[in-house]
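Notes follow once the structure below has been shown.
The values are calculated or read from the model by the stated rules, or taken from the named source; none is laboratory data. Quick caveat: nothing in here was measured; it's all calculated off a predicted structure. Every residue, glycine among them, receives a Cβ derived from its backbone with ideal geometry; neighbour counts consider all protein chains shown. Calculation scope for accessible area: heavy atoms of the full protein, side chains included, ligands and nucleic acids excluded. Shrake-Rupley method; radii C 1.70, N 1.55, O 1.52, S 1.80 Å.
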Amino acid sequence: MERTEYDEAQAAKRLHTTVVVLRWARHVGVVPDPGVRGFAWSRSALAVRGGEPDHGNTGYA
């Protein structure tokens, strides 16, 4: 049985990042705010990101 919602730590793990980076991404609008009861993300919201890290622009030259 797969989860239908994820708390902050679980969402960060699913997106292969840390909670700090997830919080930053929420702050700048890369990741939407949690939609399930105001503190959890739905499985479909994380599926949009594919659960894979973005190896695009890392900010390094």
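Some observations on this one:
- Annotation note: of ALA61, ALA9, the sole residue that is within 11 Å of the chain's Cα centre (by Cα) and either at pLDDT 65 or above or open to solvent by 80 Å² or more (accessible area, probe 1.4 Å) (or both) is ALA9.
- Within region 22-48, tally of residues that are open to solvent by less than 70 Å² (accessible area, probe 1.4 Å), in a helix (DSSP H, G or I) and out of contact with any strand residue (DSSP E or B) (no Cβ under 8 Å at 6 or more places or on another chain): 4
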